[in-house]
Amino acid sequence: MCSVMEVCHLRTGRWEQKPTTGNPPLGVKSYAAAAIGREIFYFGGHCNHDGCFHNSLYSFNVDTFNWKELSPTTSHHGPMMKHLCDMIAIKVNGEDYLVVIGGYGPSSYNTSQQPGAQYYEAEGLASGHRQCNEIHFYKLSTGQWISPTVTGDRPPPIDKFTLTSINDSSAILFGGSIADGDSNNVYILNFTDTSVNCSMLSNPGGSVQWPRKRG
Ligand SMILES: [Zn+2]
């Protein structure tokens, strides 16, 4: 992440570098981003410093080009410091929330584990690092991190998947890297303001067309 934004003018296809103001999350990569209205939100990521992971949340306003830190990197609250997670925006009962799912980060110097979530330290991963299947909500109007009740087929610890909104209160999660390797499972996620229900669809095999496993 740097302090200039790359802007593509869709009508002309021309790219422009524009300076920004405020407090950008400099240096992070493999963060998660989601937009609500005129704001783009950025969560977490990894610096090039060894073992330097973040759980901060920033907003960037596309009219003012100003950055704001909403929630700092800290071991005291929220999702673990991680990267390769994903984030979407949902709207329930007129309230905006960001939803952060999964990801990968160090087990030391991190937040305490989320009740109900699983953490997996794979052999191929850097030692002391783990994948998780945390699900957190961030309520924009109050700035609070919330742990929802999770029912149904909760995805396993996972990173490098896609998470895409279907409508204001549902989303689809596909693929990713899990304990067994890469996945091609699909999860449909349905949200309320305090819960998420997950249903898994897997490749029925035979002559059915299904995307390949990928993470
Ligand atoms: Zn760093």
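Laboratory data are not the source of any read-out in this text; all were calculated from the coordinates shown. Owing to the predicted nature of the structure, the values given are computational and were not obtained by experimental measurement. Note that we place each Cβ from the backbone using ideal geometry, even for glycine, and neighbour counts take in every protein chain shown.
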Completion exercise
Taking R0 as 30 Å and r as the Cβ-Cβ distance between Asn93 and Asn23, the FRET efficiency 1/(1 + (r/R0)^6), rounded to the nearest 0.05, comes to 0.45
Handout entry: Cysteines without a disulfide-compatible neighbour (Cβ-Cβ under 4.7 Å), the chain
Key = Cys2, Cys8, Cys85, Cys132, Cys198
Exercise for the section: Please go through the residue pairs Lys160/Lys213; Lys18/Lys91; Lys29/Lys160; Lys18/Lys139 and name each one whose alpha carbons sit more than 20 Å apart in this structure. Expected result: Lys18/Lys91; Lys18/Lys139
Problem - Among Thr162, Thr73, Thr64: highest mean-square fluctuation, GNM of the chain, C-alpha pairs under 10 Å - result: Thr64
Fill in the blank from the handout: For the stretch 1-79, the dipole about the Cα centre with charges only on Cβ (Lys and Arg +1, Asp and Glu -1), to the nearest 20 debye, works out at 200 debye
Fill in the blank from the handout: Dipole check, the stretch 4-201, charges on Cβ (K,R +1; D,E -1), about Cα centroid: among Ala33, Val4, Ser112 the Cα furthest to the positive pole belongs to Val4
Fill in the blank from the handout: Quotient of Cα radius of gyration and Kirkwood radius for the stretch 52-180, i.e. Rg/Rh, equals 0.96
Handout entry: Value of relative contact order over the chain, rounded to a whole percent, pairs C-alpha under 8 Å and six or more apart
Key = 13 percent
Practice task
Post the alpha-carbon centroid distance, the stretch 148-176 to the stretch 1-50, in whole angstrom.
Solution key: 24 Å
Completion exercise
the chain, Gaussian network, Cα under 10 Å: of Asp193, Asp63, Asp168, the residue fluctuating most is Asp63
